[in-house]
């Protein structure tokens, strides 16, 4: 009979961390990964890929803003203001740069 590994504890709520409850992080991560893959497909798709990555980070900021601390799951890194600020700044910068950079020849 083998011993069960201890469950990870949620530092905020005292409950256990379950993968099913991490949908905000999974959604943002999947969109970022999809954007990176699209950007790497070729010279014609980099802009669309960067738009997806930037949009995913802005979505992450909005999710962190509207979800409770407990429901935000692993999107919660620091305080809500810090998390939202960093995600908005990074996502906004990527969006602006992907629009401003002129197309190649």
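At least 3 residues being at pLDDT 95 or above and either in contact with a helix residue (DSSP H, G or I) (Cβ under 7 Å, 6 or more places away or on another chain) or surrounded by 14 or more Cβ atoms within 10 Å (Cβ to Cβ) (or both) is the threshold, and among the helices (runs of 4 or more DSSP H) wholly inside the stretch 6-105 those reaching it are 23-40, 46-66, 80-100.
Scanning the stretch 75-105 for residues that are farther than 28 Å from residue 47 by Cα and within 12 Å of the chain's Cα centre (by Cα) turns up 76, 77.
The values are calculated or read from the model by the stated rules, or taken from the named source; none is laboratory data. Just so you know, these numbers come straight off a predicted model, no measurement behind them. We place every Cβ from the backbone using ideal geometry, glycine too, and count neighbours over all the protein chains shown.
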